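One structure below.
The values are calculated or read from the model by the stated rules, or taken from the named source; none is laboratory data. In this text, all values refer to a predicted model and were calculated from it rather than measured experimentally. Cβ placement follows ideal geometry from the backbone for every residue including glycine, while neighbour counts extend to all protein chains displayed. All accessible areas refer to the heavy atoms of the entire protein, side chains included, with ligands and DNA or RNA removed. Shrake-Rupley method; radii C 1.70, N 1.55, O 1.52, S 1.80 Å.
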Amino acid sequence: MRYAIRLVNCAFFARHGVHDEEHRMGQRFYVDAVLTVDAGDALRDDTIAGTVDYGKAFGVIESIVTGKRRYLIEALALDVARAVRPLPRDRQG
């Protein structure tokens, strides 16, 4: 069974964009992410082990969005997508 974890309207202040004003003043960026997860035995057994830690996912997204400046929002989105896609399940029950 597969299910989705949705992180919605995660807000971060950052300085992305092409224009000097965007870098100088910064702005708030909102990120939505959908993590598709194979349930394995975690749902049946009601255990944390084998699930995705969405707190870690949020932290990964935050570090990218608040990290190095990107000129294109599309480049920022691509970096976020690449980073959260391979997030492992939390095997530390």
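What ranking of 48, 64 comes out by heavy-atom accessible area, probe 1.4 Å, highest first? Could the numbers behind the result be given before it?
Numbers: 48 110, 64 25 Å².
The ordering from most to least exposed comes out as 48, 64.
Express in nm, to one decimal, how much length is gained between residue 19 and residue 39 on full extension, taking 0.36 nm for each residue of separation and deducting their alpha carbon distance. Display every interim value, and only then the final one.
Details: separation 20, 0.36 × 20 = 7.20 nm, distance 4.40 nm.
Full extension from residue 19 to residue 39 adds 2.8 nm.
Please report the carbon-and-sulfur percent of the accessible area for the chain; probe 1.4 Å, protein heavy atoms only, DNA, RNA and ligands left out. Show your work: numbers first, answer last.
Values: 3400 of 6490 Å².
Heavy-atom surface of the chain belonging to carbon and sulfur, 1.4 Å probe: 52 percent.
Is the shape of the range 1-47 rounded, prolate or oblate, going by the alpha carbon gyration tensor and its root eigenvalues a ≥ b ≥ c, with a/c under 1.5 for rounded and a/b larger than b/c for prolate?
Cα axes put the range 1-47 in the prolate bin.
Could you provide, to the nearest whole Å², the per residue accessible area of the chain with probe 1.4 Å?
Spelled out: the 1.4 Å probe surface of the chain, per residue, equals 70 Å².
Hey, quick one: spin label on residue 69, modelled 7 Å out along Cα-Cβ, who in the range 12-54 has an amide N within reach, i.e. under 20 Å?
Of the residues in the range 12-54, 12-30 have backbone N under 20 Å from the label point off residue 69.
Suppose a student asked you for the relative contact order of the chain, using Cα pairs under 8 Å spaced at least 6 residues apart; what percent would you report?
33 percent
Please determine, in degrees from 0 to 90 and to the nearest 10, the orientation of helix 73-84 with respect to the longest principal axis defined by the Cα atoms of the chain, where the helix direction is its Cα long axis.
In the chain, helix 73-84 runs at an angle near 20 degrees to the longest axis.
Hey, if we sort 68, 56 by accessible area with the 1.4 Å probe, largest down, what's the order?
68, 56
Can you check how the C-alpha radius of gyration of the chain compares to 2.2 N^0.38 Å, as a plain ratio?
Output field value: 1.28.
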